[in-house]
Amino acid sequence: MSKQRVSRFGQGLMAVAMAMATGMLGAQELGFSKDLKIRTAWAPQAKDNLRQSSLGFGLNFAYTTAAGTYAAEVGYYYKTGDIFIEPVAGTPPAGLDPVDLPNAGDSRRNQLDGLALRLSYSQKIDADWSWQAGAMLGGTRFKHEYFGDVRGQNWVATNPTSWRDTYSGTPVEGGIKVSPYVGTSWKLNGHSSLEINLMLLNYTAVSYQHKPGTGQYALDTDPASDATVGRIAPHNAFPTDTLTKSNRLVPHLEFGYVFHF
């Protein structure tokens, strides 16, 4: 074999090696990248009168190396709830009328939302598929709205054992909770992909607990007729009422669309 042929053969091998290296680097897309991610999630069981579905979006910043992709996403998570009626629990102290259940009302609504930071790691399985794992920090501010109007039976001015409670509030439970997730991603084309994740949503739920008939009562006046009616306590003046907290880990199945730019 002539030296000229050997030289051409060597040049050919180098060209093939360079082409393979370039193709691998392109497939891995090494370096910095950014994405817009839009998600919806579904929980198999509703908790704390929140809806099973939730929404979220975020701007993802990633850095890819030969070992995998490391990413940080800044976004927003939202899970709303519907208005519900809380049953009146407890009995008034001795000497006061029983609760007038047909005329007692306690309306409530819960919501979960907030800014969220997601930290993740992903690796390619092949040209189109990859897996990812990470955690969402925040996004789980729990807001609890309530309004109650509860009274005893025979709420009239001439009844010395009459009573009426009114209360309302919007307590919020925040803090940074860690919600882990793991999933897979499928590349649709050069600019978009789909994600599926299983996430354990971590949050703290709060609930106002009212103890009926525990206020300081005085006769009230009906503003419409200026007539004296039954006894009523000052609004929200119930020192024995409490706010209970419950830690939750609720599984959610997430579906996301990713736009690469």
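The values are calculated or read from the model by the stated rules, or taken from the named source; none is laboratory data. Here the structure is a predicted model, which is why all the values come from computation and not from measurement. Cβ sites come from the backbone with ideal geometry, for glycine too, and all protein chains shown count toward neighbours. When the accessible area is computed, the model is the full protein with side chains, heavy atoms only, and any ligands, DNA or RNA have been set aside. Shrake-Rupley method; radii C 1.70, N 1.55, O 1.52, S 1.80 Å.
Brief remarks on what is shown
- Normalised by the number of residues in the stretch 113-219, the mean separation of alpha-carbon contacts (under 8 Å, six or more apart) gives a relative contact order of 28 percent.
- In straight-distance terms, cross-link reach from Lys187 covers every one of the lysines whose alpha-carbon lies under 22 Å from its own, apart from those fewer than eight places away in the same chain; here that gives Lys34, Lys37, Lys124.
- Relative contact order (%) - criterion: Cα under 8 Å, at least six apart; region: the chain: 19
- Computed over the alpha carbons of the stretch 112-261, Rg followed by Dmax gives 25.7, 82 Å.
- Put a dot 7 Å past the Cα of Val156, heading toward its Cβ, do the same for Tyr78, and the two dots end up 5.1 nm apart.
- Here the chain is treated as a Stokes sphere of Kirkwood radius computed over C-alpha pairs; at 25 °C and 0.890 mPa s its diffusion coefficient rounds to 107 µm²/s.
- Expected 222 nm ellipticity per residue - DSSP helices of 4 or more, -39500 (n - 2.57), all of the chain, to 500: -3500 deg cm²/dmol
- Seen from Gly190, the other residues with C-beta closer than 14 Å to its C-beta sum to a net charge of -2, counting Lys and Arg as +1 and Asp and Glu as -1.
- Cβ-defined net charge surrounding Asn247, 13 Å radius [Lys, Arg +1; Asp, Glu -1]: +2
- Averaged per residue, the chain has 56 square angstrom of accessible surface, using a 1.4 angstrom probe with ligands and nucleic acids left out.
- Sorting Val99, Val150 by accessible area puts them as Val99, Val150; the probe is 1.4 Å, largest comes first, and only protein heavy atoms count.
- Remark: the chain carries a charge dipole of roughly 1620 debye about the Cα centre, counting +1 on each Lys and Arg Cβ and -1 on each Asp and Glu Cβ.
- The chain: most fluctuating residue of Ser122, Ser225, Ser130 per GNM, C-alpha cutoff 10 Å: Ser225
- Cα-based shape type of the stretch 115-192, given that a ≥ b ≥ c are square roots of the gyration tensor eigenvalues and the cut on a/c is 1.5: prolate
- Gaussian network model of the chain, springs between alpha carbon atoms under 10 Å - residue of Val156, Val74, Val250 with greatest fluctuation: Val156
- Area accessible to solvent at Ile85, 1.4 Å probe radius, in Å²: 120
- Carbon and sulfur %, accessible surface of the stretch 108-261 computed with the full protein complex present, 1.4 Å: 60
- The stretch 71-162: C-alpha pair distances exceeding 16 Å, %: 72
- Among Thr64, Thr228, Thr184: highest mean-square fluctuation, GNM of the chain, C-alpha pairs under 10 Å: Thr228
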